[in-house]
Amino acid sequence: MIKDGALGESEAIFGMHVHTDLPTGEVETISGPALAATSIFSVRISGKVLASSSETHSCVDPVLAASSTILALQLIISREVDPLSSNVLSVTFMKSDASEFDVTPTYVEFGGTMRSLTTDGMNLLIQRLKEVVEGEAEVHRCKADIDMHEESHPMYPATVNDHKLHEYTEKVLKLVIGPEKVKPGEKVMAGEDFAFYQQKIPGYYLAIGIKNEEIGSVHSVHSPYFFLDENVLPVGSAVFAALAEMYLLEHQNQTKSGD
């Protein structure tokens, strides 16, 4: 959308996501880092020779290399990055080409996700992932291939809310839905492609509640039981309309006074 010129000459952008832990119609706001930069990765550790587990000396074992690599990757989080900067590296799957209990495979594949509340933090994780994987493979006499899936799943930057837009959004929300329904938000380690817009122009991303136990609107947005409380629709529409209208009015007035 950005490449196709969807932003045009826009000066600001607003986004919204439903929140199943927040009562319907309430809104959470946060200034600065709100959602994490995210990236996926997959690794193939290749050994040599498909061999019986009784002859491990005659092959190069990718299982040992992969398991050592996975443990070493966690040292990045526990020993190399600031514990207050919020970083996560998760290995979520492993597989190999062996299908028998007594056979050492020729390769092991594993992969997962990395998350950081700053884009710089994510770039460091990517750099260290590659260095650790390649180093561990060399130690274990294996070959490593790393795929960051840049084309199919490019790295999401961190979602960082503009401070001036935060103040503006809170002002509008208190007028539209009332100050009692505007709550302080929390940082979340999920990713959001809205961040690509924020790299181009100031942006603000907020959460609107849809929790309604009476109708079963309580499940995660990724749950097969997810159910939307449609009472949120007029509230969200009113919020978006007010954010756009008041922003345009304020900036038109600023332009006129500047003239």
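The values are calculated or read from the model by the stated rules, or taken from the named source; none is laboratory data. None of the values given here were measured: they were computed from a predicted structure. No Cβ is skipped: glycine too gets one built from the backbone with ideal geometry, and neighbour counts run over all protein chains shown.
Overview of results
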item: Some residue of the stretch 64-84 being in contact with a Cys (Cβ under 7 Å, 6 or more places away or on another chain) and surrounded by 12 or more Cβ atoms within 10 Å (Cβ to Cβ); result: yes
item: Residue match in the stretch 195-210 (condition: of a type in the set (Phe, Trp, Tyr) and touching a helix residue (DSSP H, G or I) at 6+ places or on another chain (Cβ under 6 Å)); result: yes
item: Considering residues of the stretch 164-186 that are surrounded by 15 or more Cβ atoms within 10 Å (Cβ to Cβ) and in contact with a Ser or Thr (Cβ under 9 Å, 6 or more places away or on another chain) only, the residue farthest from residue 22 (Cα to Cα); result: 165
item: Number of the exception - residue 193 against (1) exposed (fewer than 13 other Cβ atoms within 10 Å of the Cβ); (2) within 16 Å of the chain's Cα centre (by Cα); (3) within 30 Å of residue 69 (Cβ to Cβ); result: (1)
item: Sole exception among (1) in contact (Cβ under 8 Å) with a residue 40 or more places away in the chain; (2) out of contact with any Pro (no Cβ under 8 Å at 6 or more places or on another chain); (3) surrounded by fewer than 17 Cβ atoms within 10 Å (Cβ to Cβ) for residue 234, by number; result: (1)
item: Members of the stretch 23-44 that are touching an Asp or Glu at 6+ places or on another chain (Cβ under 6 Å) and buried (at least 17 other Cβ atoms within 10 Å of the Cβ); result: 24, 29, 35, 44
item: Residue check, residue 38 more than 16 Å from the chain's Cα centre (by Cα), in a strand (DSSP E or B), touching a residue at least 24 places away in the same chain (Cβ under 8 Å) and on the phi < 0 side of the Ramachandran plot; result: no
item: Any chance residue 116 is within 23 Å of residue 160 (Cβ to Cβ) and crowded, with 19+ Cβ neighbours inside 10 Å; result: yes
item: Residue list for the stretch 92-118, restricted to those being farther than 23 Å from residue 187 by Cβ and either assigned to a strand (DSSP E or B) or of a type in the set (Phe, Trp, Tyr) (or both); result: 93, 94, 95, 96, 101, 103, 104, 107, 108, 109, 110, 111
item: Index of the failed condition, residue 68 passing every other in (1) among the small types (Gly, Ala, Ser); (2) modelled with pLDDT of 95 or more; (3) farther than 18 Å from residue 130 by Cα; result: (3)
item: Residues located in the stretch 59-75, provided they are in contact with a Gly (Cβ under 7 Å, 6 or more places away or on another chain), touching a residue at least 60 places away in the same chain (Cβ under 8 Å) and either more than 17 Å from residue 106 (Cβ to Cβ) or not in a helix (DSSP H, G or I) (or both); result: 60, 61
